1. Answer yes or no: is there a residue in the range 90-99 that is in contact with a Cys (Cβ under 9 Å, 6 or more places away or on another chain) and among the aliphatic types (A, V, I, L, M).
2. Of the residues in the range 55-95, how many are farther than 23 Å from residue 30 by Cα and either touching a Leu at 6+ places or on another chain (Cβ under 8 Å) or not hydroxyl-bearing (Ser, Thr, Tyr) (or both)?
3. Select from the range 163-172 the residues that are surrounded by 14 or more Cβ atoms within 10 Å (Cβ to Cβ) and not small (Gly, Ala, Ser) and write down the one among them that is nearest to residue 151 (Cα to Cα).
4. Consider the range 76-95. How many of its residues are touching a residue at least 12 places away in the same chain (Cβ under 8 Å) and either surrounded by fewer than 16 Cβ atoms within 10 Å (Cβ to Cβ) or not in a loop (DSSP other than H, G, I, E, B) (or both)?
5. Is there any pair with a first residue in the range 147-158 that is on the phi > 0 side of the Ramachandran plot and touching a residue at least 40 places away in the same chain (Cβ under 8 Å) and a second that is β-branched (Val, Ile, Thr) and in a loop (DSSP other than H, G, I, E, B) whose Cβ atoms are under 6 Å apart and which are 6 or more apart or on different chains, and what are they?
6. Starting from the range 33-44, keep only residues that are on the phi > 0 side of the Ramachandran plot, then list their pairs with residues that are not aliphatic (A, V, I, L, M) whose Cβ atoms are within a distance under 7 Å, requiring at least 6 positions of separation or different chains.
7. In the range 96-108, how many are over 19 Å from residue 196 (Cβ atoms) and crowded, with 17+ Cβ neighbours inside 10 Å?
8. From the residues in the range 118-148 that are among the polar types (S, T, N, Q) and closer than 24 Å to residue 180 by Cβ, which one is surrounded by the fewest Cβ atoms within 10 Å (Cβ to Cβ)?
Amino acid sequence: MTVRLFEKPEAIGNHAASHLLAGLGAAVGRPYLLGCPTGRTPRPVYAALAEAVRYEPLDISHLVLVMMDEYTIEDGPGRLRPADPFAHFSCRGFADREIVAPINAVLPPEFRIRSENIWFPDVNEPASYDKRIAEAGGIDCFLVASGSGDGHVAFNPPGSELGSLTRIVTLAEQTRIDNLKTFPAFENLDAVPRHGVSVGLQTIRSARHCMLLLWGREKREAFRRVTNAAGFDADWPASIVLAAASHDILADHAAADNRR
């Protein structure tokens, strides 16, 4: 287990961004697949990427954003559809606004992330996502975030199977409670969707490298659970990084503080 501690979330972002930019620079003549979460945790990484290419422009037109999940909305009996991309909680909207737009804004057109390289699982054919990833050569690096209350990763709840692939998931109540903080425009718990389409634990662990990002006081339990685990613990799904072939745990001192 490799644990790296940093003073602030921004330092985590800078470290992760340096790793990703080195990988992008080395991925000559092929796509570089980056597994991406949304929400608060990865924001320092995406901000650091945008800042880095602002000062040293790099051709990242081969970068593929393999997004982890998307909320789904009931669209009649037994039917689900992706959340409206303009909804405040839409993962698609997050990717467009908070990942792609700031990076592309500082790059010349020929260097920018291409719209066709922003991938999301298909609500109607979720299993096709893992096939698409495999056919593209697999995920180079997966950024991983942990739910603070139950250790969920993407929408995988506690008890998810190690071999799980992309599928429709019923969100655990604690996951939905955590999402009230992730998307504070939710007025109450009833407003948080109950289903989502999500990559599975096998999808994550199959990446060539995983980086678990933990920062802030509310991630103390996540840091404790993962760093004390001997291996994957189904009761804390974010521990899936320990089952990956290569991984880092990047945390700030606030998360690593063992005081309750």
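Computed from the coordinates by the stated procedures, all read-outs in this text should not be read as laboratory data. Computed from a predicted structure; not experimentally measured. All Cβ positions, glycine included, derive from the backbone under ideal geometry; neighbour counts span all protein chains shown.
1. Scanning the range 90-99, I find at least one residue that is in contact with a Cys (Cβ under 9 Å, 6 or more places away or on another chain) and among the aliphatic types (A, V, I, L, M), so the answer is yes.
2. Number satisfying all stated conditions: 24.
3. 171
4. 8
5. Listed pairs, sorted by first residue: 154/199.
6. Hits for this filter: 39/182.
7. Adding up the residues that qualify gives 4.
8. 148
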